[in-house]
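Notes to accompany the following structure.
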Amino acid sequence: GGTTLSVALGAPIGALIANMMDWRAAFLAIGGVSLLVAGALQVMLPADLAGTRLPLRERLMVVTRPGIGRALLVSVFILASAFSVFTYIAVLAAETGIGEGLLPLLLLGFGAGAVIGNYASGQVADKFGAARTVGWVIAISTAVMVLFSLEAYYLPFGLAGWALIATMVVWGVVGWGFPPAQGSHIVSLAPEVAGLSLALNASALYVGIALGSGIGGAYLSIGSVKDMGLIAAALGLVALLVHLSGRRTRAAAAV
């Protein structure tokens, strides 16, 4: 919930600050908020709070549990898919006719969708199952990625920009349905080590962010930003295949 709200509010506010001043002011604002958060943690957390001390080897051995390693790989690829586009969304927006003044609106729409998706995903996972929800979220997110490229290539300049804003809202709803459902899925695989597996999943998400940003940047040095939706869809397809292979393995084991 906290991460979702930070995307819903932080990204458009940061873009607005950058537009009104410059990008340095946005980073200064982030630094100032970070100092406030650090102070709040110092005051609010119990002084005697202690975690479980485990060697790094024992922490990493969690990936050998059935299904955990595969699920973490899914997290890496689906976040790589998302951030190969999201990292460069301002560039794509400019190509479709969205100026800097409308960029906060685009990010706000995405954030509003993310809040809805984050809440709804848990409800859907409870009703239909976490693994099934993860599969549908990945599949629909991959389809949305393709739309980004189709809109950029085939819609008129300007109209493509408004279509991009609408698609970003849909993507926010669908894409941010992944973390809650995936978290529930990972916990169900090995409830007794949920603390460790969820911590590793958080790390996998950030690895995916770095990987996707790197892939996007590397491609932009040789290709068009209009192709980024297709690149993202390819990464999403890999995530879907890895996830479905896990479901087939579990089904075979049950037989």
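Over the chain, what is the relative contact order in whole percent, taking alpha-carbon pairs under 8 Å and six or more residues apart?
The value is 34 percent.
Among the chymotrypsin sites (Phe, Trp or Tyr not before Pro) in the stretch 124-212, which ones are in a DSSP loop with at most 16 other Cβ atoms within 10 Å of the Cβ? Mind listing them? Don't skip to the end; give the middle numbers.
On the way: sites: 128, 136, 148, 153, 154, 157, 162, 171, 176, 206; in loops: 157, 176.
Counting only loop positions with at most 16 other Cβ atoms within 10 Å, the chymotrypsin sites (Phe, Trp or Tyr not before Pro) in the stretch 124-212 are 157.
Kindly provide the helix-only [θ] at 222 nm of the chain, computed as the sum of -39,500 (n - 2.57) over DSSP H runs of four or more divided by all residues, to the nearest 500 deg cm²/dmol? Can you show the working numbers first?
Numbers: 12 runs with 202 residues, N = 255.
Per the formula, -26500 deg cm²/dmol.
Counting heavy atoms of the protein chains only and a 1.4 Å probe, report the per residue accessible area for the chain as a whole number of Å². Before the final figure, lay out each step's value.
Details: 13580 Å² over 255 residues.
Each residue of the chain exposes 53 Å² on average to a 1.4 Å probe.
Can you check what the Kirkwood hydrodynamic radius comes to for the stretch 142-241, Cα pairs only, in Å to one decimal?
Taking every pair of different Cα atoms in the stretch 142-241, averaging 1/r and inverting gives 15.3 Å.
I'd like the accessible area for residue 220, computed on protein heavy atoms only with a 1.4 Å probe and all protein chains in place. Round to 10 Å², please.
50 Å²
Taking Rh as the Kirkwood radius computed over C-alpha pairs, what is the Stokes-Einstein D of the stretch 64-222 at 4 °C in a medium of viscosity 1.567 mPa s, expressed in µm² per second?
The estimated diffusion coefficient comes to 79 µm²/s.
Out of the total accessible area of the chain (probe 1.4 Å, heavy atoms of protein only), what percent is carbon and sulfur?
Reported share for carbon and sulfur atoms: 72 percent.
Between residue 91 and residue 49, what FRET efficiency comes out of the Förster formula 1/(1 + (r/R0)^6) with R0 = 41 Å and r the beta carbon distance, rounded to 0.05? Present the calculation step by step, with values, prior to reporting the outcome.
Working: r = 43 Å, r/R0 = 1.05.
Approximately 0.45, to the nearest 0.05.
At a 1.4 Å probe radius, which order do 127, 226 fall into by accessible area, largest first?
Descending order: 127, 226.
Got a sec? What order do 89, 140 fall in by accessible area at 1.4 Å, biggest, i.e. largest, first?
Numbers: 89 10, 140 75 Å².
Descending accessible area places them as 140, 89.
Compute, for residue 198, the solvent-accessible surface of its heavy atoms (probe 1.4 Å) with the complete set of protein chains present, and express it in square angstrom to the nearest 10.
Near enough 70 Å² of accessible area.
Ratio of the stretch 1-147's C-alpha Rg to 2.2 N^0.38 Å, to two decimals?
1.31
The values are calculated or read from the model by the stated rules, or taken from the named source; none is laboratory data. Everything quoted here is computed from the prediction, not taken from an experiment. Every residue, glycine as well, gets a Cβ built from its backbone with ideal geometry; the counts of neighbours run over all protein chains shown. For accessibility, only protein heavy atoms count, side chains too; no ligands or nucleic acids. Shrake-Rupley method; radii C 1.70, N 1.55, O 1.52, S 1.80 Å.
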